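The values are calculated or read from the model by the stated rules, or taken from the named source; none is laboratory data. Bear in mind the structure is a predicted one, so any value in this text is a computation, not a measurement. Note that we place each Cβ from the backbone using ideal geometry, even for glycine, and neighbour counts take in every protein chain shown.
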Amino acid sequence: MFEARLGQATILKKILDAIKDLLNEATFDCSDSGIQLQAMDNSHVSLVSLTLRSDGFDKFRCDRNLSMGMNLGSMAKILKCANNEDNVTMKAQDNADTVTIMFESANQEKVSDYEMKLMNLDQEHLGIPETDFSCVVRMPAMEFARICRDLAQFSESVVICCTKEGVKFSASGDVGTANIKLAQTGSVDKEEEAVIIEMQEPVTLTFACRYLNAFTKATPLSTQVQLSMCADVPLVVEYAIKDLGHIRYYLAPKIED
Amino acid sequence: MQKSITSFFKKK
């Protein structure tokens, strides 16, 4: 028996919004420690890794490890039927081929349940090696989304250059060149507005705007985003999900032809 | 050139 309950459907809606542009379907691996999802996008350029800890749920029970392959388009249809403040419960029997998603209004007067067919997906889990990153940048998630959106107008690629002074995002194309520099913030009143750079050595890497923009669909989950970079390894874009876990996106760099 | 993520992370 698997049962996981969250106080607010809005969190699950935001999580789905953060992955459904990259993934058509995905396997949710459930164990007593929580829910894990790891999947590559169709073109195998990026990898999504979602971790939801069991202690972050209002109720969590998972008697036997369970892998639930879900069509994310179908899940989005179901979540559209929830009000943001509804409680949401996911339930499945051991070895079941369906999952039930139930919404309850705060006053318990409306209860709806949706049974969704599960899919058998080819699971290809990738091993992610530990990396000592050259640069780790923490910045407001909305600022990162804005930069990715703005620079995508100028080029398919964005160059991220990080030094101890700051981080520079550049794009160059037919229109010309765009550069956006963010300096490390001195003192800020609000932690969520800070730009913080931890640098071992400077790094310059090039990434596809299309994927960065897809990652920023996770912006509503978190006030801050963390970018971890190292020469010739994938970028890690991480959004914390408060009291519940995190979503990490890995993006392979572009290299000179 | 766009590298593939599988050229960095290997199948388990």
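Can we say A:Ser105 is out of contact with any Gly (no Cβ under 8 Å at 6 or more places or on another chain), within 14 Å of chain B (Cβ to nearest Cβ), surrounded by 14 or more Cβ atoms within 10 Å (Cβ to Cβ) and farther than 13 Å from A:Leu12 by Cα? Give the steps one after another, and end with the answer.
Values: out of contact with any Gly (no Cβ under 8 Å at 6 or more places or on another chain): yes; within 14 Å of chain B (Cβ to nearest Cβ): no; surrounded by 14 or more Cβ atoms within 10 Å (Cβ to Cβ): yes; farther than 13 Å from A:Leu12 by Cα: yes.
Criteria not met by A:Ser105.
Got at least one residue in the range A:50-66 being modelled with pLDDT of 95 or more and under 29 Å from A:Lys254 (Cβ atoms)?
yes
If the Cβ limit is 7 Å and pairs must be 6+ apart or interchain, which residue in the range A:157-175 that is modelled with pLDDT of 95 or more pairs with which residue that is among the small types (Gly, Ala, Ser) and part of a loop (DSSP other than H, G, I, E, B)?
Matching pairs, first to second residue: A:Ala171/A:Ser155; A:Ser172/A:Ser155; A:Gly173/A:Ser155.
Those residues that are in contact with an Asp or Glu (Cβ under 6 Å, 6 or more places away or on another chain) and more than 14 Å from chain B (Cβ to nearest Cβ), I need them from the range A:197-223; list them, please.
A:Lys217, A:Thr223
Test A:Lys217 against the criterion of being among the basic types (Lys, Arg), free of Cβ contacts under 8 Å to residues at least 40 places away in the same chain and within 24 Å of A:Glu156 (Cα to Cα), and give yes or no.
Details: among the basic types (Lys, Arg): yes; free of Cβ contacts under 8 Å to residues at least 40 places away in the same chain: no; within 24 Å of A:Glu156 (Cα to Cα): yes.
No, not satisfied.
Does the range A:189-196 include one or more residues that are assigned to a loop (DSSP other than H, G, I, E, B), in contact with a strand residue (DSSP E or B) (Cβ under 7 Å, 6 or more places away or on another chain) and within 14 Å of chain B (Cβ to nearest Cβ)?
No, the range A:189-196 contains no residue that is assigned to a loop (DSSP other than H, G, I, E, B), in contact with a strand residue (DSSP E or B) (Cβ under 7 Å, 6 or more places away or on another chain) and within 14 Å of chain B (Cβ to nearest Cβ).
If you take just the strands (runs of 3 or more DSSP E) that sit entirely in the range A:50-94, which of them hold at least 2 residues that are of a type outside the set (S, T, N, Q), touching a strand residue (DSSP E or B) at 6+ places or on another chain (Cβ under 8 Å) and without any contact (Cβ under 8 Å) to a residue 40 or more places away in the chain?
Numbers: elements: A:59-62, A:66-71, A:87-92.
Passing ranges: none, list empty.
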